[in-house]
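Take a look at the structure below.
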Amino acid sequence: MKIQPPILVLTGAGVSADSGVSTFRDAGGLWEGTRIEDVATPEGFARDPVKVWRWYDERRVQVASCEPNAAHRAIVEMEKTFGDDFTLITQNVDGLHERAGSRAIHRLHGSLWSMRCTGDGRRFEQREVPLPSIPPVCSECGEMLRPDVVWFGELLDAAILDAAATAAERARTVLVIGTSGVVYPAAMLQLIALEHGARVAEFNPERTALSEIATEYVAGRAAVTVPSWWNAHRPST
Ligand code: BV8
């Protein structure tokens, strides 16, 4: 599969697995022993905000001890090579793409390093781990802060979703890395791209529903497969 710009890279938790960040659905994953309803819904937060904050702070502490891997770095090189003809869209809230140097990035589901006031919606960056106090409160109005992520049953940011859908329609080459493709609307993007004639390469140690319709399925761990695929397909200078 030859790379034809525009390039779109779609990532899920699997791209950070080789950095030591837990995925959601794999063995030992985040959903093992934890109910989505309790920690990743507005209702769960209303019921027990301390439980929710403890769960997010555990993830913040884990991610802070991890480093971007070779897959994150290869994606940065792709961005440098294709410039405006490159877009990265991630479901991840871990911030490892940004730490690797990615800039042209759309975060569909928010970030572990930002918080939002439940009173006036103001956003605050917070990188201290662990959190100095749980639950954190707004320094302006004293109301409780919530994780600045998109929970199940919550709408994604319309502007980000629009930009993502446009990138999916325009892309000629799409790399789908480390996602089970079960969460919507994120999982629509690779289907939109296929419908618009893009060539799609999937990188995952496990086959998914996409593997049946993708142009290419690359089995293996992203930190190994993505750099080697990129080296084999990068434009010769
Ligand atoms: C919404 C932020 C409108 C928080 C997240 C029925 C049908 C269809 C949809 C729905 C439905 N019922 C409800 C819905 C909507 C729901 C949804 O999709 N539910 C699913 C579970 C069926 N979606 C929503 O609620 C969205 N909002 O639709 O609003 C609305 C409003 C009211 C009512 C209805 C609808 C909001 C969704 C966003 C939720 N927030 N994250 C946080 O992170 O805590 S989702 C979160 O889970 C992640 O961001 C990510 O999106 C998802 C996890 O998926 P993956 O990243 O793919 O991770 P996973 O563990 O599943 O897979 C890892 C993969 O990596 C595996 O394939 C594995 O093989 C692979 N892998 C492992 N190791 C490696 C590897 N790959 C490469 N290398 C390795 N080394």
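Values computed for the structure shown
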item	result
Total charge dipole magnitude, the stretch 65-214, about the Cα centre, Cβ charges on Lys, Arg, Asp, Glu only, Debye to nearest 20	200 debye
Hydrodynamic radius by Kirkwood, which averages 1/r over all alpha carbon pairs of the chain, in angstrom	18.4 Å
25 °C / 0.890 mPa s Stokes-Einstein diffusion coefficient of the stretch 102-195, Kirkwood radius on C-alpha pairs, µm²/s	159 µm²/s
Estimated FRET transfer efficiency (D84, A232; beta-carbon r; R0 22 Å; 0.05)	0.35
Ranked by how many other beta carbons lie within 10 Å on average, peptides 163-175, 208-220 from highest	163-175, 208-220
Net charge of Cβ neighbours under 15 Å - reference R170; Lys, Arg +1; Asp, Glu -1	-3
Inter-label distance for I134 and V224, nm, one decimal - labels placed 7 Å from Cα along Cα-to-Cβ	3.6 nm
Label-to-label distance, nm, for residues given as T34 and F124 (7 Å Cα→Cβ offset)	2.2 nm
Segments 94-100, 31-37, 113-119 sorted - mean Cβ within 10 Å per residue, highest first	94-100, 113-119, 31-37
Using a Förster distance of 25 Å, the FRET efficiency for R73-A158 (Cβ separation, nearest 0.05)	0.20
Local electrostatic count, P205, Cβ distance below 12 Å [Lys/Arg +1, Asp/Glu -1]	-2
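Rule-based calculations on the coordinates, nothing more; no lab input. These figures come from a predicted structure and were not determined experimentally. Note that we place each Cβ from the backbone using ideal geometry, even for glycine, and neighbour counts take in every protein chain shown.
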